[in-house]
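The next block holds one structure in the form of structure tokens; read it before the comments.
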Amino acid sequence: MNIKSFIFATTVSCLLAAPLSAKEKTFYDSKSNIVCIAGNYELLEYGNKFRKVEVSIPQSYSTYTAKQIEETLNSENYGKKILDYLFSYNGSSLSEDRLKDLALQNVLKSDDERASIGVISKDDILKEDYLPILENNYIFIVNTKKGKKRWNVYKVMINKDVLDQVFNSWNDMDKYNQIKVPISFVSSDKAKLIKDIDTKQEILKNKTKRKMAIKVPAFAIRGQVTGRNPFATNIGTIYGLKNCDKVAIYRTKEKNGKMYSSKVSTTRACNVADSTANLYTFAGGQASYKKGDVAVYQPSSNTSIYKTGEYMDHSYGIGLTYDKRIGLSRSGISQYIMLKAGTGIYEIHNKRLYATNTGDVVKSPIYMNAGLGYGLGFEFAHCLEFVPYFMAQWEGLYFANKYESPNATYNDGTKDYHSSNYGKDVWNHAVRVPIGAKFNVNIVYPLQLTLGAEYILNFNLNKIKDDDNTKSNAERFFFDPTGYKRNGLNIYAGLRFNF
């Protein structure tokens, strides 16, 4: 098979496999702001928009394993008990009152505006909200095994089919009592608790909430877009949000009769208060509080890695830069701590040999550098960032000895290290201060193109004095004859990966 056939076959295979591997689209319903919780609700209550389900879970369950809890919840029919609670079942009748109350709490400002101008009635809003509330019922239990606490989340599997069964048996309680509502394990992890300063009760640490928000989509730290000028959301530190956190904005879409969430933009939080935060857009379109857009916390490390190719005075190198965003202002100014490492060679590297002042013959050098810096990022047009910076670096030039072993040996086979033919590898050390700037341009965020230039001040550390002048080995036999320098302008280009 030739290369063209191979590429064609691979491409076709990928296209055919794509539909099979495609994941179901995530749906952050703008109406599912309420998540109903049974179990250890008090550990979640503070700062979260959860609603307590008054269905008691025995304390003894906290000694079970995650699997045992799931089996017991199903054997004891807790899914049906929670359904009974939501429909206020009293043994002889059902009521929508509790669901109506939850639905009214769940109405977004955008729905109020639609209702006020007659686009949609309040009754329709309530009907639209029933199913999202029913579908967002969970059991949260913290168990202790071997002295270590773990949180466990179980989903109550109420769906449209269950809702239809309820309404079809509204006046027939025998039929209603035949409804089965299974409970399914979702996720589990370590639980770290602290005492709340105000209530003095134990609650989950914010770090635990953030981890849980990643593992359980329904528990995602999320809220509403509350304004455009300034761009803001109604989630803050009490929900686990921190300054510089990545927040994606989603808008509800529909395809083939199925609702899903489409990402509108990628933002980062700034000016974060207890229950509010400003957002700054790094990619995407304009979010809107009138369209019920949802702000959802996304896990990120606020770090970036740059992979660049560099050119400086007849030398070619590659660089690897790591930066950490440590601050973000409302106007989109980021502060960065930067770490960089690089290596490179001079042109015609393998063909150039140089004689040192000690008679050694060495090759054209390989250079290596590493350093620490600080930069400010100024965001423009939500797709371009200008970053001036400065760094302090160490750089070493490594001149490899042309002769890898001495020619002379003693009769006993040992090497003659005093042979005039035996040379030594040479190192030259310097301190450098690059002062520069770079542009980061969105390709498909979080992937960016980076272009930059820096002026480098070089301070040589390998000075040796002779009768005529003061020069390092490197200056004497390499930089002087070639005229090349390790100070001056360095330009580079490459890719930036944001995490």
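Which order do 76, 96 take when ranked by solvent-accessible area (1.4 Å probe, heavy atoms of all protein chains), largest first?
Final ranking, largest accessible area leading: 76, 96.
Give the ranking of 374, 316 by solvent-accessible surface, highest area first, calculated with a 1.4 Å probe.
In descending accessible area the options line up as 316, 374.
If packing is taken as the mean number of other Cβ atoms within 10 Å per residue, what is the order of 226-236, 442-452, highest first?
226-236, 442-452
By how many nm would the segment from residue 168 to residue 93 lengthen if fully extended, with 0.36 nm per residue of separation less the alpha-carbon distance?
Contour length minus Cα-Cα distance gives 25.7 nm.
Based on the Cβ-Cβ distance from residue 313 to residue 402, what FRET efficiency comes out when R0 is 25 Å, to the nearest 0.05?
The computed FRET efficiency comes out at 0.60.
Amide H to amide H under 5 Å from residue 267: which residues, 5+ apart in sequence or cross-chain, H placed 1.01 Å off N in plane?
Under 5 Å from the amide H of residue 267: 247, 248, 249, 282.
Given the whole protein assembly as supplied and a 1.4 Å probe, what does the accessible area of residue 25 come to in Å², nearest 10?
The accessible area comes out at roughly 120 Å².
Compute the distance in nm between two label points, each set 7 Å from the Cα along the Cα-to-Cβ direction, one at residue 449 and one at residue 324.
3.1
Under 1.5 on a/c is rounded, so check that first for segment 152-279, then, if it is not, pick prolate when a/b is larger than b/c and oblate when it is not; a ≥ b ≥ c are the square roots of the alpha carbon gyration tensor eigenvalues.
Cα axes put segment 152-279 in the oblate bin.
Subtracting the Cα-Cα distance from 0.36 nm times the residue separation, let me have the gained length for residue 458 to residue 200 in nm, one decimal.
87.0 nm
For 62, 184, write out the residues from largest to smallest accessible area, computed with a 1.4 angstrom probe and no ligands counted.
Listed by decreasing accessible area, they come as 184, 62.
If each residue of separation counts as 0.36 nm, what is the full-extension length gain between residue 273 and residue 355 once their alpha-carbon separation is subtracted?
Between residue 273 and residue 355, full extension yields an extra 23.0 nm.
Roll a 1.4 Å probe over the protein heavy atoms and report the accessible area of residue 150 in Å², nearest 10.
Per-residue accessible area (residue 150): approximately 90 Å².
Which pairs in the list 211/438; 52/205; 351/424; 211/255; 25/160; 25/207 are over 29 Å apart, alpha-carbon to alpha-carbon?
211/438; 211/255
At 1.4 Å probe size, with no ligands or nucleic acids counted, give the accessible surface of residue 429 in Å², nearest ten.
Its heavy atoms expose roughly 60 Å² to the probe.
The values are calculated or read from the model by the stated rules, or taken from the named source; none is laboratory data. Because the structure is predicted, anything quoted here is derived from the model rather than measured. Backbone-built Cβ (ideal geometry, glycine too); neighbour counts: all protein chains shown. Keep in mind that these areas ignore ligands, DNA and RNA; they rest on the heavy atoms of the full protein, side chains included. Shrake-Rupley method; radii C 1.70, N 1.55, O 1.52, S 1.80 Å.
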